[in-house]
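Chemist: Can you keep this structure in mind? I'll have questions shortly.
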């Protein structure tokens, strides 16, 4: 078991290395000379050359990569071209927003979707099942940006119950902060709920067909015990992987949702960096999000061991 | 009727039919009574509805299943009158059930201990410690090593046979009045099957539990049960005491079933002149000559730098197959018999030794045309490409024979399909899923034989089939072998089938040959203890001195190892193995002392 | 090993099944899904050949007209007919989604097939690369590629194709690994067929069921992703209408002209609903084991 954990841990190293290579290459592929962008057009050619050598752009690409990787590993992600703020601190200041919304949305989605999925499967082909399946497929088909816009239209503009867009930190103003969180969290939660409920339902259907469930029933166990003790643990394992993917994906910033609600999160930072050609920020965001995603998946895989003792590689 | 544990009257069960949308009865008006402590077997082929009866008793029919009529009484309670809670009190405590697949009937995510005591705590109201104590005692009775330690372990760390013992212990722990066992040992090897069944019998006798054994295996049921019920297509064809069913079957289907049993009416007639047109020149060597063959698989490495574990699947095996001869390769699962067959056909890489076919070395630069050797697989459901029609499947066997014209090719395909009684006009444009298991296996045989190979490997070609179909396919193979004269390596775990079709028998244990003999000599006097155990594990249907059928264990006189030797066991070093000839063409693996 | 009830009855169907209706019209979900999809493809086709008004030419006399008989879905801030723009947008969305998914499926099938079938070093390299590419969640890879390519239709197609390719590779590789062990593949080798022949004749054709199911899910994802990219201003650039950039432009006139946001969003939702329902029906039919596979997005 511990050897599995260690192995799984070691396996992320080549992945993270390749991710770094990909990010490095992607940024180099962006048209335009970074030195030029940094200096504006007014400066002289000599200044440009100096800037190039300062950035190491006159060296061979592999050498550039090694220097770059060294900087990254020492936590130096560079400085924003636009604001001059260190990229790492820019990311850190935005991550809190993204993390708050994501965590709330995923918790809400799991609490509602897991029981819904299990019950739908348990009552397969009944009106209850059909309703849950239909509602999930409906939510699955609503683009989050449109759902967000419609919520703003209904709850903020028409009914005036909630503030339209923006963000106030919960630590500064608790009730006010919560009011800003409701719509973004609901938007994300509704869609992810649909994904999780469908996953849990199909997994539960698979498990319900297995002999050991019939055997549990043949022992005289009640349906509640069969579902909670025998079915849940086996059906939730695979669903956990999906939840991990969702969590990791959202932590990396729901660019679209953050744009709709004008939230200062990672996703928005990334999109703004693309508009502004602020390549150190873009590069920092890509690296941060990909690393975070890999690590969340690693943790989920390790958690999986709790649900399935047959861990093997 | 009050002394009946279980009484089923006029039971009819139906399932929805996907194709027509109507309901189809899978169990039709079945009557059945089990007395206290009685042992009854339900025998039937696939589709006979036997499994559904067991499930219906516990109210656990699969989705879509419905009881359309009849009554099921357990003791003096009508199951139909019981509410869900009352029904649950009977499940487990009154009626225990064991399923076919030990690998999937224990929950992989829960410990053995938890799964064993949850029923006890529910029905007997014991506290955890007492329940665990009872579980340990029961595991001890099923002779599980280290019963207390087993409680903490998960099912995946036990073998199939061990899991089925755990299941048995877990179910009998509640001391039910009736045990329903649905093909409890079908997925197990013969030796383990016998151990588990013997254990089950011992326990139900001790506990006074009635046993309803559901099985496709008539000799097995006859060997262990008191009464037999024969089912077909959902209806009972015949029921009665074992002796009566065996000696005086009144139903035509029962007789067909009995006749289909291997060994029940002698072997297939075999022309000693070998194949037609196959004249053996004097001094001709064997068709297939395998010398010191070894096949090792590398497992996945634990760490990138560690050495991968090696599994020696086949270890220093030598054997020959003469032209037109059928050599049976027998052994349990994991003995390497399948790997050996694949290695001869160059389907798995060989790590040592040589294979010569017709004098040509079958090395890397093999000279033997591929179509001289072919293979028939066990599972007719996965051996045919589901997206190809029958004609195309057969024609592919001739694809690489460039000497044939298009018309010749078509004629060959049609002739071959004709030969396996699957005329192309009727079946040629169908897809495999539109055929039954037996029909598919005919197609698989036709595909292998259409290129007129001189040698085929037949890997358990009938073991996935129902008994009556099995008989047809074996007869077909024997006929084709007569007509075409090919030699075959017939891989099987089923001694009865081997006795029927083979010329010679080679026994494999842990990748090594332990005994090789002419068929008659082997079945008359097997020498190696392992061969004897294998034969002993399978109940034999034979004719008694009065000419009546009886089921009995095969018994042989004690066999002494050749002087100065002991019989070789897997624990011995391979290098110490010597093959001692005990009679002409009969050798046995020994170790010199 | 067994002759138990797991095997099919040995009676064998003698007549091939008669199918009075195509399978997707025999169930309610199949019908609903097919109808919605038919409407989407119909709109895309209309956008290709004819629209009631010019979807890009401004008409300043007709700005912000609410939906009426002349303009079924009203007009926008330039006085352009929303319905015509919706049709044109359908063409763009469907074209982008179809092209990107086709590219991803063709390339992914080839790479995944070869990798799974031949294994060894090729497989290890392919797996490491897909692992690394799959480490970019959701739209991230597409966003990065759009940053390079700049907003354009071809850019979106390329970005989405590259984002989806790793998933296709994984799926095909997995399917190939299991089919490779099937006995009909061994039989093909025993007949002396070459490895490549066996791969293309026996292995890949049997991967089509899960592949079709996945392609359908990816088609929905691509439709959504294209809208999202365009909504962010990183997809198909204006004035060419797409449902995404129409929504994006509509944000500025939210109070004034709510229909501008309502109709494009409704179209995306209905299209996705159609694809999802149809996809579920398809999955139930083709590959019951794939139940639960979800295309990732957002």
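The values are calculated or read from the model by the stated rules, or taken from the named source; none is laboratory data. Computed from a predicted model, the values in this text were never measured in an experiment. Counting neighbours? That spans all protein chains shown, and the Cβs are built from the backbone with ideal geometry, glycine included.
Chemist: What is the one condition in (1) touching a helix residue (DSSP H, G or I) at 6+ places or on another chain (Cβ under 7 Å); (2) farther than 23 Å from residue A:224 by Cα; (3) within 12 Å of another protein chain (Cβ to nearest Cβ) that residue B:189 does not satisfy?
Modeler: Residue B:189 satisfies every listed condition except (1).
Chemist: Restricting attention to segment B:455-466, which residues are away from every other protein chain (no Cβ under 11 Å), in a strand (DSSP E or B) and surrounded by 24 or more Cβ atoms within 10 Å (Cβ to Cβ)? Full working, then the answer.
Modeler: From segment B:455-466, those away from every other protein chain (no Cβ under 11 Å) are B:455, B:458, B:461; that's our starting set.
Then drop every residue that is not in a strand (DSSP E or B), which leaves B:455, B:458.
Selection gives B:458 alone.
Chemist: Ok, one more. Scan the helices (runs of 4 or more DSSP H) fully inside segment B:147-209 and keep the ones with 3 or more residues being in contact (Cβ under 8 Å) with a residue 40 or more places away in the chain. Show your work before the answer.
Modeler: On the way: elements: B:147-151, B:160-172, B:190-207.
Result: B:160-172, B:190-207.
Chemist: Does segment C:112-139 hold any residues that are in contact (Cβ under 8 Å) with a residue 40 or more places away in the chain, outside any helix (DSSP H, G or I) and either touching a strand residue (DSSP E or B) at 6+ places or on another chain (Cβ under 7 Å) or more than 11 Å from chain A (Cβ to nearest Cβ) (or both), and which are they?
Modeler: Within segment C:112-139, no residue meets the criteria.
Chemist: So if I check each of C:147, C:159, C:142, which one is assigned to a helix (DSSP H, G or I) and at the interface with another protein chain (Cβ under 10 Å from one of its Cβ atoms)?
Modeler: Working: C:159 fails: at the interface with another protein chain (Cβ under 10 Å from one of its Cβ atoms); C:142 fails: at the interface with another protein chain (Cβ under 10 Å from one of its Cβ atoms).
Result of the check over C:147, C:159, C:142: C:147.
Chemist: Consider segment B:471-486. How many of its residues are in contact (Cβ under 8 Å) with a residue 60 or more places away in the chain and either surrounded by fewer than 21 Cβ atoms within 10 Å (Cβ to Cβ) or more than 24 Å from the chain's Cα centre (by Cα) (or both)?
Modeler: Initial filter on segment B:471-486 (in contact (Cβ under 8 Å) with a residue 60 or more places away in the chain): B:471, B:474-475, B:478, B:480-486.
Checking which are either surrounded by fewer than 21 Cβ atoms within 10 Å (Cβ to Cβ) or more than 24 Å from the chain's Cα centre (by Cα) (or both) leaves us with B:474-475, B:478, B:480, B:482-486.
So the count comes out to 9.
Chemist: Please tell me if residue B:112 is at pLDDT 90 or above, within 14 Å of chain C (Cβ to nearest Cβ) and surrounded by 23 or more Cβ atoms within 10 Å (Cβ to Cβ). Working first, answer last.
Modeler: Details: at pLDDT 90 or above: yes; within 14 Å of chain C (Cβ to nearest Cβ): no; surrounded by 23 or more Cβ atoms within 10 Å (Cβ to Cβ): yes.
Spelling it out, it is not the case that residue B:112 is at pLDDT 90 or above, within 14 Å of chain C (Cβ to nearest Cβ) and surrounded by 23 or more Cβ atoms within 10 Å (Cβ to Cβ).
Chemist: Against the definition (within 13 Å of another protein chain (Cβ to nearest Cβ), in a helix (DSSP H, G or I) and closer than 23 Å to residue B:214 by Cβ), how does residue B:86 come out, yes or no? Let's see the steps before the verdict.
Modeler: Numbers: within 13 Å of another protein chain (Cβ to nearest Cβ): yes; in a helix (DSSP H, G or I): yes; closer than 23 Å to residue B:214 by Cβ: no.
No.
Chemist: So if I check each of A:185, A:256, which one is facing another protein chain (nearest Cβ under 7 Å) and within 16 Å of the chain's Cα centre (by Cα)?
Modeler: Selected residue: A:256, the only one of A:185, A:256 that is facing another protein chain (nearest Cβ under 7 Å) and within 16 Å of the chain's Cα centre (by Cα).
Here is a yes/no grid of residues against (1) within 23 Å of the chain's Cα centre (by Cα); (2) away from every other protein chain (no Cβ under 12 Å); (3) assigned to a helix (DSSP H, G or I):
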position	(1), (2), (3)
A:151	yes, no, yes
A:157	no, no, yes
A:175	no, yes, yes
A:206	no, no, yes
A:227	no, yes, yes
A:233	no, no, yes
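Chemist: Moving to a separate point now. In this structure, is residue B:100 surrounded by 19 or more Cβ atoms within 10 Å (Cβ to Cβ), more than 7 Å from chain A (Cβ to nearest Cβ), touching a strand residue (DSSP E or B) at 6+ places or on another chain (Cβ under 7 Å) and outside any strand (DSSP E or B)? Write out each step before concluding.
Modeler: Numbers: surrounded by 19 or more Cβ atoms within 10 Å (Cβ to Cβ): yes; more than 7 Å from chain A (Cβ to nearest Cβ): yes; touching a strand residue (DSSP E or B) at 6+ places or on another chain (Cβ under 7 Å): yes; outside any strand (DSSP E or B): yes.
Answer is yes for this residue.
Chemist: Residue check: is residue B:355 modelled with pLDDT of 75 or more and touching a helix residue (DSSP H, G or I) at 6+ places or on another chain (Cβ under 6 Å)? Walk me through how you get there before you give the answer.
Modeler: Numbers: modelled with pLDDT of 75 or more: yes; touching a helix residue (DSSP H, G or I) at 6+ places or on another chain (Cβ under 6 Å): yes.
Against the criterion (modelled with pLDDT of 75 or more and touching a helix residue (DSSP H, G or I) at 6+ places or on another chain (Cβ under 6 Å)), residue B:355 qualifies.
Chemist: Now, a different point. Check whether at least one residue in segment B:556-570 is modelled with pLDDT under 90, under 29 Å from residue B:445 (Cα atoms), more than 17 Å from the chain's Cα centre (by Cα) and surrounded by fewer than 22 Cβ atoms within 10 Å (Cβ to Cβ), and report yes or no.
Modeler: no
Chemist: Determine which single condition residue B:512 fails, assuming it passes every other condition in (1) farther than 28 Å from residue B:186 by Cβ; (2) surrounded by 19 or more Cβ atoms within 10 Å (Cβ to Cβ); (3) more than 14 Å from chain C (Cβ to nearest Cβ).
Modeler: Among (1) farther than 28 Å from residue B:186 by Cβ; (2) surrounded by 19 or more Cβ atoms within 10 Å (Cβ to Cβ); (3) more than 14 Å from chain C (Cβ to nearest Cβ), residue B:512 violates only (1).
Chemist: Another one. Select, from A:168, A:200, the only residue that is at the interface with chain C (Cβ under 9 Å from one of its Cβ atoms) and touching a residue at least 12 places away in the same chain (Cβ under 8 Å). Don't jump to the end; show me each part of the working.
Modeler: Numbers: A:168 fails: at the interface with chain C (Cβ under 9 Å from one of its Cβ atoms).
From the options A:168, A:200, the qualifying one is A:200.
Chemist: Determine which member of the set B:374, B:439 is in contact (Cβ under 8 Å) with a residue 12 or more places away in the chain, in a strand (DSSP E or B) and either crowded, with 23+ Cβ neighbours inside 10 Å or within 11 Å of another protein chain (Cβ to nearest Cβ) (or both). Step through it out loud before you land on a result.
Modeler: Details: B:439 fails: in a strand (DSSP E or B).
On inspection, the qualifying residue turns out to be B:374.
Chemist: Here is a follow-up. I'd like to check something: does segment A:280-296 contain any residue that is away from chain C (no Cβ under 14 Å) and surrounded by fewer than 22 Cβ atoms within 10 Å (Cβ to Cβ)? Spell out the reasoning first.
Modeler: Of segment A:280-296, the ones away from chain C (no Cβ under 14 Å) are none.
Checking segment A:280-296: not a single residue is away from chain C (no Cβ under 14 Å) and surrounded by fewer than 22 Cβ atoms within 10 Å (Cβ to Cβ).
Chemist: Can you confirm whether residue B:452 is surrounded by fewer than 20 Cβ atoms within 10 Å (Cβ to Cβ), farther than 27 Å from residue C:180 by Cα and at pLDDT below 90? I'd like the intermediate steps shown before the answer.
Modeler: Values: surrounded by fewer than 20 Cβ atoms within 10 Å (Cβ to Cβ): yes; farther than 27 Å from residue C:180 by Cα: no; at pLDDT below 90: yes.
The answer is no for residue B:452.
Chemist: Can residue B:155 be described as touching a strand residue (DSSP E or B) at 6+ places or on another chain (Cβ under 7 Å), crowded, with 23+ Cβ neighbours inside 10 Å and more than 28 Å from residue B:47 (Cβ to Cβ)?
Modeler: On the way: touching a strand residue (DSSP E or B) at 6+ places or on another chain (Cβ under 7 Å): no; crowded, with 23+ Cβ neighbours inside 10 Å: yes; more than 28 Å from residue B:47 (Cβ to Cβ): yes.
In short, no.
Chemist: Can you tell me how many residues in segment B:41-55 are buried (at least 23 other Cβ atoms within 10 Å of the Cβ), touching a helix residue (DSSP H, G or I) at 6+ places or on another chain (Cβ under 9 Å) and not in a loop (DSSP other than H, G, I, E, B)?
Modeler: Residues in segment B:41-55 being buried (at least 23 other Cβ atoms within 10 Å of the Cβ), touching a helix residue (DSSP H, G or I) at 6+ places or on another chain (Cβ under 9 Å) and not in a loop (DSSP other than H, G, I, E, B): 4 in total.
Chemist: Moving on to the next point. For segment A:141-161, which residues satisfy the criterion of being in contact with a helix residue (DSSP H, G or I) (Cβ under 6 Å, 6 or more places away or on another chain) and crowded, with 17+ Cβ neighbours inside 10 Å?
Modeler: Scanning segment A:141-161 gives A:141, A:142, A:143, A:144, A:145, A:146, A:147, A:148, A:149, A:151.
Chemist: Mind telling me which of the residues C:270, C:247 ends up being within 11 Å of another protein chain (Cβ to nearest Cβ) and surrounded by 24 or more Cβ atoms within 10 Å (Cβ to Cβ)?
Modeler: Working: C:270 fails: surrounded by 24 or more Cβ atoms within 10 Å (Cβ to Cβ).
The match here is C:247.
Chemist: Going by the structure shown, is residue C:265 under 26 Å from residue C:66 (Cα atoms), part of a helix (DSSP H, G or I) and at pLDDT below 85? Outline the logic, then answer.
Modeler: Numbers: under 26 Å from residue C:66 (Cα atoms): yes; part of a helix (DSSP H, G or I): yes; at pLDDT below 85: no.
Here the answer is no, as residue C:265 does not meet what is asked.
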